[in-house]
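The next block holds one structure in the form of structure tokens; read it before the comments.
Throughout, read-outs are computed from the coordinates displayed, never taken from laboratory work. This one's a predicted model, so the numbers in the text were calculated from it and none came from an experiment. Glycine gets a Cβ as well: all are built from the backbone with ideal geometry, and neighbour counts include every protein chain shown.
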Amino acid sequence: MAATRNHRVYYKVVSFEGKYRGWIYGGKAKRDYAGGLERVNTTSEVTLSDQIRQTTYHLKSSGTSSDENVWNDIPWTQYKASLKTKDSTPYAKDDLTVISAKKMTRQYYQTYYYIEDAQHPEFNGWINSNSLEGPATTVTKTVSVPGPTQTVTVPGASTTVTVPAKNSLTINYVTNRYDPSAKTPAVTEGNGQDWPEEPQISKSVQKAYQEKFKSALAEIQNKSEITQADLDALGNGKVFWHEDDAWGDWDVSIRVSYDKLKNVVTINLVWEDVQTTWDKAVNYYLHIGDKFTPWDLIHDFVYEGYFVDTQNYAKFFTVTENTVDTSKAGNYVVKYYMKDYPNNIITVPVTVQSN
């Protein structure tokens with residue numbers, strides 16, 4: 001936590017996987033947080049049926065992917081959640097028991113099981129419920145024989161048919177930036193043409209979608225089959241406006257499809273930047289001798305979806321008046337406008353205080 005000279009409190013924050021760090025406004029009093037974060041529960045408890053508790057499970061596949069290994073904490077629900085194992089090959093044939101379950105409430109709405117491995121306790125941990133499979137199902141053939149009821153023997157070896165357990169519903173997101181000039185869309189995974197800030201914008205768009213269609217997403221979680229009405233409720237074919245203070249404003253088109261065989265819903269979000277934004281200072285405080293340039297009044301400038309470095313602000317803004325003199329205390333003013341909008345002049349009072 002830190003406080004600025006003009007009595008604004010900021011908190012240093014970090015994303016769960018440690019990739020993004022920065023300062024966020026926290027109000028004007030250190031004792032009372034009043035900023036841009038709110039407390040949330042990242043998981044909810046899931047009641048396990050007796051059937052699940054009493055079933056012996058195995059890994060559907062083993063290897064080095066994150067879905068084939070166990071976690072110390074459920075990913076995306078806890079800061080610094082990490083894999084407990086890196087290669088599940090040695091545990092491919094182990095019997096696994098489900099002890100408890102939790103559902104993610106914010107990120108991908110997946111259900112994770114806490115499993116125990118009696119043969120290798122080091123494999124105990126959290127794993128995606130879709131990564132497990134139960135025992136094979138034996139199907140009995142019924143033969144109709146004409147005549148009075150009788151016991152008959154049908155020649156040939158007995159047949160056991162293995163029927164794969166029905167996959168639980170999976171929701172996949174594909175988030176792209178609309179770019180008519182690009183032969184390959186810029187996507188979050190880094191394929192085609194992309195820029196460093198695009199994955200963050202796409203995550204912001206995806207989060208906005210999940211919030212906007214929270215009820216429809218919850219409705220399909222326990223359905224045995226998805227209908228066209230469900231896809232429509234998820235916004236298929238619609239466009240929504242996403243306002244984001246950090247990244248700008250976007251038009252987002254939605255296309256939803258359903259793979260009945262795999263029981264997978266794919267939500268394709270295509271966003272297009274429609275507005276340039278920048279964080280404008282309301283007033284500004286200095287002390288005698290401080291260094292100052294008009295660009296100190298502008299922060300987090302985004303132009304058509306792309307961040308602009310401070311040294312390039314002069315390409316986008318024109319200063320019409322700057323009376324600031326940091327050699328003596330006094331009240332001054334800076335006036336400037338963005339070159340795309342010459343009629344929108346921003347006036348910022350600047351106060352130079354005594355040391």
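Tabulated data for the structure shown
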item: Given 80/339; 214/335; 93/223; 103/262, the pairs whose alpha carbons are separated by over 32 Å; result: 80/339; 214/335
item: Extended-chain gain in nm, criterion 0.36 nm per residue less alpha-carbon gap, residue 344 and residue 37; result: 107.4 nm
item: Radius 14 Å from Cβ of residue 42, net charge of other residues (Lys, Arg +1; Asp, Glu -1); result: +2
item: Packing-based ranking, highest mean first, of 84-96, 338-350 given that Cβ atoms within 10 Å are counted; result: 84-96, 338-350
item: Ranked by how many other beta carbons lie within 10 Å on average, peptides 73-83, 317-327, 47-57, 30-40 from highest; result: 73-83, 317-327, 47-57, 30-40
item: Cβ-derived FRET efficiency at R0 25 Å, residue 266 paired with residue 240, nearest 0.05; result: 0.90
item: Reachable lysines, given that their alpha-carbon falls under 19 Å from the alpha-carbon of residue 28 and they are not under 8 places away in the same chain; result: 12, 280
item: Label-point separation in nm, residue 251 to residue 58, each point 7 Å along Cα→Cβ; result: 5.3
item: Net +/- balance of residues flanking residue 253 in space, Cβ distance below 10 Å, scoring K and R +1, D and E -1; result: 0
